[in-house]
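Colleague: First, the structure itself, so that you have it in front of you.
The values are calculated or read from the model by the stated rules, or taken from the named source; none is laboratory data. Since the structure is predicted, the reported quantities are computational estimates derived from the model, not experimental observations. Counting neighbours? That spans all protein chains shown, and the Cβs are built from the backbone with ideal geometry, glycine included.
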Amino acid sequence: MARKADEPLVLGIETSCDETGVGIVRGHTLLADAVASSVDEHARFGGVVPEVASRAHLEAMVPTIQRALKEAGVSAKDLDGIAVTAGPGLAGALLVGVSAAKAYAYALGKPLYGVNHLASHICVDQLEHGPLPEPTMALLVSGGHSSLLLAPDITSDVRPLGSTIDDAAGEAFDKVARVLNLGFPGGPVIDRYAREGNPDAIRFPRGLTGSRDPIYDFSFSGLKTAVARWIEAKRAAGEEVPVADVAASFQEAVVDVLTRKAVRACKDEGVDHLMIGGGVAANTRLRAMAQRRCEDAGITLRVPRPKLCTDNGAMVAALGAEMVARGRAASSWDLSADSSLPVTETHVPAEVDDHGHAHGHGHSRDHDHVHELSKKNLYEA
Ligand code: KG4
Ligand code: ZN
């Protein structure tokens, strides 16, 4: 095994939504995880406002990078690479991170790795529980995504088995919290209320669990509507809404479906490890139910600590370090943000021409071009 000092030292930048995250890792070791969130600025709108997020990223970027370097106790010149979320996410927000990563990578003469946000949510668990088994089954549940992914190689081969056909799991938490007037984001506050409530108080529907439904797809829109109707009926009858019971019963419906389908996928594919990632993986009840159901099925569960489940830069650095360790191709200087980057594209390598030359990257540095591009992106963001 490689000595610690030989493992790649990578800085990762995450700006796909409302968190400006900068993480630094050495191989599978977390050295720094600096996050500046603009969530409070969005709260009064009940959701993330893209322009507000982009501006906040711009303001937070340099201080957050400096904070991460200080926390890690490393010098930027010792980095082996700079990784950045290239997508999916909010276009303007992603552009700020991509532009910053290009500027730092170029100025420092380091390779640049544009990586996939979703693959990063999976890869981050290497910082917590060591190398990912190959293949790993991953349940990815966040504000924008709910998917079951089979990952034979997190740097190059991630296969979607199923995903939500309407709302993401986190989105359902956020919407139900809004109906209950609990504020934004809804996940953490519903999680808290649910602890005081009875999960069996109300039997809410479990989407796409019928015998003819797609086995690995999810649907949370019907559940959200059922919860909203139930609350409306209570209010119309002049009765008090039992917030804790509604929160617990709604959460139980989401968690029941997520864990049931994830365990089923592991069994069907003969995979004995399940990884859960994304913001919703911070949910207490999801973690507990997944633990129990995995134990019953002989599956080893891996869930990172809550701070590594929600968006952060360490996850991007973790995937970047794995790209370096496995000798994956770096990105070119014309790397751009792709708001709908498919999960199958674990990273955005430079295109290699017929002569085996990577385009626009490495030694052929077009200084003015990069500089203008970064400036342009920063202004547009
Ligand atoms: O991964 P993430 O930080 O950002 C996206 O990529 O979307 O996930 C944010 C989502 C939000 O919808 C938030 O309500 C949800 O994760 N979330 C939770 C919890 N903490 C965050 N959902 C349920 N329970 C939680 N404890
Ligand atoms: Zn995320």
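Colleague: In the set Asp368, Asp296, Asp338, which member is modelled with pLDDT of 95 or more and out of contact with any strand residue (DSSP E or B) (no Cβ under 6 Å at 6 or more places or on another chain)?
Modeller: Every option except Asp296 fails the conditions.
Colleague: Away from ligand 1 (no atom under 16 Å from the Cβ), over 19 Å from the mean Cα position of the chain (by Cα), among the acidic types (Asp, Glu) and in a loop (DSSP other than H, G, I, E, B): does that describe Asp334?
Modeller: yes
Colleague: On the basis of being modelled with pLDDT of 95 or more and surrounded by fewer than 24 Cβ atoms within 10 Å (Cβ to Cβ), does Ala91 make the cut?
Modeller: Answer is yes for this residue.
Colleague: Then there is this: Quick one: how many residues across segment 244-283 are more than 18 Å from the chain's Cα centre (by Cα) and not in a helix (DSSP H, G or I)?
Modeller: Going through segment 244-283 one residue at a time, the tally reaches 4.
Colleague: Among the numbered criteria (1) part of a loop (DSSP other than H, G, I, E, B); (2) away from ligand 1 (no atom under 16 Å from the Cβ), which single criterion is violated by Gly143?
Modeller: (2)
Colleague: Further question on the same structure: For segment 124-134, give me the residue count where each residue is touching a Pro at 6+ places or on another chain (Cβ under 8 Å) and buried (at least 20 other Cβ atoms within 10 Å of the Cβ). Let's see the steps before the verdict.
Modeller: From segment 124-134, those touching a Pro at 6+ places or on another chain (Cβ under 8 Å) are 124-125, 127-129, 134; that's our starting set.
Now drop any that are not buried (at least 20 other Cβ atoms within 10 Å of the Cβ), which leaves 124-125, 127.
Residues meeting the conditions: 3.
Colleague: Can you tell me which residue among Val241, Val189 is assigned by TED's automatic domain parsing to the domain that holds Gly143 and either in a helix (DSSP H, G or I) or free of Cβ contacts under 8 Å to residues at least 60 places away in the same chain (or both)?
Modeller: Going through Val241, Val189 in turn, the sole match is Val189.
Colleague: Against the definition (at pLDDT 95 or above and within 15 Å of ligand 2 (Cβ to nearest atom)), how does Ala321 come out, yes or no?
Modeller: no
Colleague: Tell me, which residue of segment 284-315 that is part of a loop (DSSP other than H, G, I, E, B) and within 16 Å of ligand 2 (Cβ to nearest atom) is nearest to Val141 (Cα to Cα)?
Modeller: Thr310
Colleague: Of the residues that sit in segment 291-314 and are more than 30 Å from Val84 (Cβ to Cβ) and not basic (Lys, Arg), which one is farthest from ligand 1 (Cβ to nearest atom)?
Modeller: This residue is Gly298.
Colleague: Might you let me know whether segment 225-234 holds any residue that is assigned to a loop (DSSP other than H, G, I, E, B) and hydroxyl-bearing (Ser, Thr, Tyr)?
Modeller: The first filter runs over segment 225-234 and keeps only residues assigned to a loop (DSSP other than H, G, I, E, B), leaving none.
No, there is no match, as no residue in segment 225-234 is assigned to a loop (DSSP other than H, G, I, E, B) and hydroxyl-bearing (Ser, Thr, Tyr).
Colleague: Might you let me know whether segment 275-283 holds any residue that is at pLDDT 95 or above and more than 16 Å from ligand 2 (Cβ to nearest atom)?
Modeller: Taking every residue of segment 275-283 in turn, none turns out to be at pLDDT 95 or above and more than 16 Å from ligand 2 (Cβ to nearest atom).
Colleague: Here's another thing I want to ask about it. Please count how many residues of segment 273-310 are surrounded by 15 or more Cβ atoms within 10 Å (Cβ to Cβ), more than 16 Å from Phe173 (Cβ to Cβ) and of a type in the set (D, E, K, R).
Modeller: Adding up the residues that qualify gives 2.
Colleague: Does Ala172 satisfy being surrounded by fewer than 18 Cβ atoms within 10 Å (Cβ to Cβ) and either modelled with pLDDT of 95 or more or at positive phi (or both)? Explain how you work it out, then say what you get.
Modeller: On the way: surrounded by fewer than 18 Cβ atoms within 10 Å (Cβ to Cβ): no; either modelled with pLDDT of 95 or more or at positive phi (or both): yes.
In short, no.
Colleague: Further question: Would you confirm whether or not segment 211-220 contains a residue that is basic (Lys, Arg), outside any loop (DSSP other than H, G, I, E, B) and more than 21 Å from Pro188 (Cβ to Cβ)?
Modeller: Taking every residue of segment 211-220 in turn, none turns out to be basic (Lys, Arg), outside any loop (DSSP other than H, G, I, E, B) and more than 21 Å from Pro188 (Cβ to Cβ).
Colleague: Please go through segment 217-247 and pick out each residue that is of a type in the set (Phe, Trp, Tyr) and surrounded by 18 or more Cβ atoms within 10 Å (Cβ to Cβ).
Modeller: Within segment 217-247, Phe218, Phe220 qualify.
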